[in-house]
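Visitor: To start, I am sharing the structure in question, which I have written as structure tokens.
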Amino acid sequence: MSDNGDYIIVAENVNKTYPNGVKALRDVSLKVKKGEVVVIIGASGSGKTTFLRTINQLETVDAGKIIVEGVDVTDPKTNLTKIRADIGMVFQHFNVFPHLTVLENVMLAQILVRKRKKEEARQIAMEFLTKVGIADKKDEYPTNLSGGQKQRVAIARALAMHPKIMLFDEATSALDPEMVGGILDIMKQLAREGKTMVVVTHEMGFAREAADRIVYMDSGKIIEMGTPEEIFNNPKTDRLKQFLSQIL
Amino acid sequence: MRRNRHTLLWNLAFVLVLVGIGFFIYKSSLKINYSWNWRAVPSYLVYKAQQEIDSPVQGIVKGFKNGKVVIETIKGNIVAFKVEHPTLKKGAVVDAGDEIGYNTSYKAGPLLMGLYMTIKVSVVSIIMALVIGLITGLMRISDNPLFKNLSTVYIEIIRGTPLLVQIFIVYFFIGTLFNMTRFIAGAFALAVFEGAYIAEIIRAGIQSIPRGQTEASLALGMNYFQIMRYIIIPQAFKRVLPALAGQFISLIKDSSLLSVISITELTKAGREVVASTFSPFEVWFTVAALYFVVTYSLSLLDRYLERRLAGDE
């Protein structure tokens, strides 16, 4: 444990095979320091989203270990609700609650999980809705919002829990092009503020600008890992070179 | 303008068809020599009851004042009794226990009492059926084989046997075993039957909510109960409201079968009235109309709720 003291996430030899026989993860090991921004890139089906989802156990693993804040989340005896509350997650398809207003979306889990009083939850909700620039829509239902606005609500909802880690799963992939910039700006600001972030994205500009470290995955394996400088300007493997040539 | 005229024409045709059907029924009844007697029907819904008023004292009727009969007792006291329709004349001598007149009041007739019983048994049954349906519906989508298999067996058996047989089994077997009243046994039998259908409706509703809703809730640290209570069921409920309303309407109609275990609901009341009036046509048409009033009100309520809930999606 002591040698992992600086790390907030430690994944060791994580393996997962889907019921249909597809090997999604092969011996994935990754350590994330507190305050670090790790961006995972790779082609579709490379296992990057699956790996991200194992961190808060939306996806179980077949073998290996994932320690988050000193808690082994892969241990069946672990109380996952407690650790999940400390891990914020933003999804590709927003997953805002359509039957609740924007404000209620951001308040609900604070009240149920963090046991905050309604008034306190409302204050914190407004603080983060203001931060993501959507406070004026607080009484709207999500159906009246654009994709970009929904994603802002989803980010505020996650941040209002005061998570220690934020996971972003292709948070801009389902957005109209003109909405992407605004969401990336929010993510960059969070990175500057020192939030620990693990980000799965196809936005290479964001990776280059905001990442402390970039992880390149292919067919369920981590192929290369390094600073943006190393990954973009000095790729070592052919696979990464090929991937970059296709995407840039 | 032309379109409007056509709509009007077809609506007129609709009314004509209805009148035609009514006329056909009337003509047919003439053929079988049926004499219609609609005038008897209202008194089986509401009737004017006479309540005899007896004098509690001995004395002489002195007169009438403000709807009261004033009596001077043999001891010389003056007492007054409220009587709407006095039957005695001034100066009449009364003994204690003699009738001095009667009051009238409107009372619900057997058909209205039957309707009340139908509504009562249906409401109790709907509440029980919702609870059963919700629990079984959740069991059905559970990963636990015990819950899953139990609910599947329950649903298959209930859907595969006639309600009438189930009512007999519940009343004669379970009812006797647990010493249930007729009413409870009847409401329970209905609830167990409709619960199986409601379970399937609720299961389908819950499964129609995108997986992402559960994942987002899990990621926020919510537990299974909270996710169901605050995220999934409210959304599912809205989606299945029309199907649920349909099932409730079925339940109200199916409650007519409870007449076989001598619960005097609307159908049994109808049978009793027919037995005493020999006017089956009028009574059964009335009974049908009463059922329709209840089910149609429910249907309107459903439409109202659907419109109100539609606001946020």
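Visitor: For B:LEU150 and B:VAL260 in the same chain, what is the full-extension length gain: residue separation times 0.36 nm, less their Cα-Cα distance, in nm?
Guide: That works out to 36.6 nm of additional length.
Visitor: Estimate the FRET efficiency between B:SER250 and B:THR7 by the formula 1/(1 + (r/R0)^6), using the beta-carbon distance for r and 22 Å for R0, to the nearest 0.05.
Guide: Approximately 0.10, to the nearest 0.05.
Visitor: Then there is this: Whole-Hz Karplus ³J(HN,Hα) for region B:175-191, in order, using 6.51 cos²θ - 1.76 cosθ + 1.60 and θ = phi - 60°, x for Gly and Pro?
Guide: Listing the rounded values in order: x, 5, 4, 9, 6, 7, 6, 3, 4, 5, 4, x, 4, 5, 4, 4, 5 Hz.
Visitor: Mind scanning B:LYS120/B:LYS253; A:LYS34/A:LYS188; A:LYS150/A:LYS188; A:LYS82/A:LYS117; A:LYS82/A:LYS131; A:LYS33/A:LYS65 and naming the pairs with a C-alpha gap bigger than 21 Å?
Guide: Cα-Cα > 21 Å for A:LYS82/A:LYS131; rest within.
Visitor: If you place +1 on the Cβ of every Lys and Arg, -1 on the Cβ of every Asp and Glu, and leave all else neutral, what size is the dipole of region A:146-189 about its Cα centre, to the nearest 20 Debye?
Guide: It works out to roughly 260 debye.
Visitor: May I ask you to derive the FRET efficiency for B:ASP98 and B:ILE78 from their Cβ-Cβ distance with R0 = 25 Å, giving the value to the nearest 0.05?
Guide: Calculated value: 0.90.
Visitor: While we're here: At 7 Å along the Cα-to-beta-carbon direction for both A:THR81 and B:LYS68, put a label point, then send me their distance in nm to one decimal.
Guide: 6.8 nm
Visitor: Suppose R0 equals 60 Å. What FRET efficiency, 1/(1 + (r/R0)^6) with r the Cβ-Cβ distance, do B:ILE174 and A:GLU230 give to the nearest 0.05?
Guide: Computed FRET efficiency for B:ILE174 and A:GLU230 comes out at 0.20.
Visitor: Now for a separate question. Each label point is 7 Å from the Cα along the Cα-to-Cβ direction; what then is the distance between the points at A:VAL71 and B:VAL46, in nm?
Guide: My value for the distance between the label points is 6.5 nm.
Visitor: Now for a separate question. Of A:TYR216, A:HIS162, A:MET89, which is farthest along the charge dipole of region A:74-216 in the positive direction, counting Lys and Arg as +1 and Asp and Glu as -1 at C-beta?
Guide: Positive-most Cα among the choices belongs to A:HIS162.
Visitor: Please compute the contact order of chain A in relative form: average sequence separation of alpha-carbon pairs under 8 Å and at least six residues apart, divided by the residue count, as a percent.
Guide: 25 percent
Visitor: Let me ask another. What is the dipole size for chain A, taken about its Cα centre, with +1 at each Lys and Arg Cβ and -1 at each Asp and Glu Cβ, in debye to the nearest 20?
Guide: With only Lys, Arg, Asp and Glu charged at Cβ, the dipole is about 540 debye.
Visitor: From the convex hull of the Cα coordinates of chain A, what is the mean projected area in square nanometres?
Guide: Seen from a random direction, the Cα hull of chain A projects 13.9 nm² on average.
Visitor: Indicate the gyration tensor shape class of region B:156-313 (rounded, prolate or oblate), computed on the Cα atoms with a ≥ b ≥ c the square roots of the eigenvalues: a/c under 1.5 is rounded; otherwise a/b larger than b/c is prolate and the rest oblate.
Guide: Here region B:156-313 falls in the oblate category.
Visitor: Right, here's the next one. Which far-off residues, 5 or more places away or on another chain, put their amide H under 5 Å from the one on A:GLU59, with H placed in the peptide plane?
Guide: Close amide H contacts, sequence-distant or interchain: A:THR54.
Visitor: So for the pair B:LEU18, A:GLN242, with labels modelled 7 Å out along Cα→Cβ, what separation do we get in nm?
Guide: The modelled label-to-label distance comes out at 7.4 nm.
Visitor: Which order results if B:THR7, B:THR73, A:THR130 are arranged by neighbouring Cβ count within 10 Å, fewest first?
Guide: Ranked by crowding around the Cβ, least crowded first: B:THR7, A:THR130, B:THR73.
Visitor: Among the aspartates and glutamates, which fall within straight-line cross-link reach of B:LYS65, defined as a Cα-Cα distance under 14 Å, with same-chain neighbours fewer than 8 residues apart omitted?
Guide: B:GLU84
Visitor: If you average the sequence gap of Cα pairs under 8 Å that are 6 or more apart and divide by the length of chain B, what percent do you get for the contact order?
Guide: 18 percent
Visitor: Of B:PHE183, B:PHE292, how do they rank once you tally other Cβ atoms within 10 Å and put the fewest first?
Guide: B:PHE292, B:PHE183
Visitor: Bins of 10 Å, beginning at zero and ending with the bin holding the largest distance: percent of Cα pairs per bin for region A:17-68, please.
Guide: P(r) over region A:17-68, rounded to whole percents: 21, 58, 19, 2.
Visitor: Taking amide H positions as placed in the peptide plane 1.01 Å from N, state which residues far from A:GLU224 in sequence (5 or more) or on other chains have amide H under 5 Å from it.
Guide: Residues meeting the amide H criterion: A:TYR216.
Visitor: If the elastic network links every pair of Cα atoms under 10 Å, which of B:ARG303, B:ARG182, B:ARG39 fluctuates the most in the Gaussian network model of chain B?
Guide: Judging by the Gaussian network model, the answer is B:ARG39.
Visitor: Just how large is the dipole of region B:78-132 about the Cα centre, in debye to the nearest 20, putting +1 at every Lys and Arg Cβ and -1 at every Asp and Glu Cβ?
Guide: 180 debye
Visitor: Next question, about the same structure. Could you list B:ILE132, B:ILE78, B:ILE32 so that the one with the fewest beta carbons within 10 Å of its beta carbon is first and the one with the most is last?
Guide: Lowest count first: B:ILE32, B:ILE78, B:ILE132.
Visitor: Of all DSSP beta bridges in the protein assembly as shown, what percent run antiparallel (nearest 5)?
Guide: Of the beta bridges lying entirely in the protein assembly as shown, close to 70 percent run antiparallel.
Visitor: So what are the ³J(HN,Hα) numbers for region B:9-14, from phi and the Karplus equation (6.51, -1.76, 1.60; θ = phi - 60°), rounded to whole Hz, Gly and Pro as x?
Guide: Each residue of region B:9-14 in turn: 4, 5, 5, 4, 4, 4 Hz.
The numbers here are math on the coordinates, done by the rules we state, and not lab data. These numbers were taken from a predicted model, which means no experiment stands behind them. With ideal geometry, Cβ positions are generated from the backbone for all residues, glycine too; neighbour counts draw on all protein chains shown.
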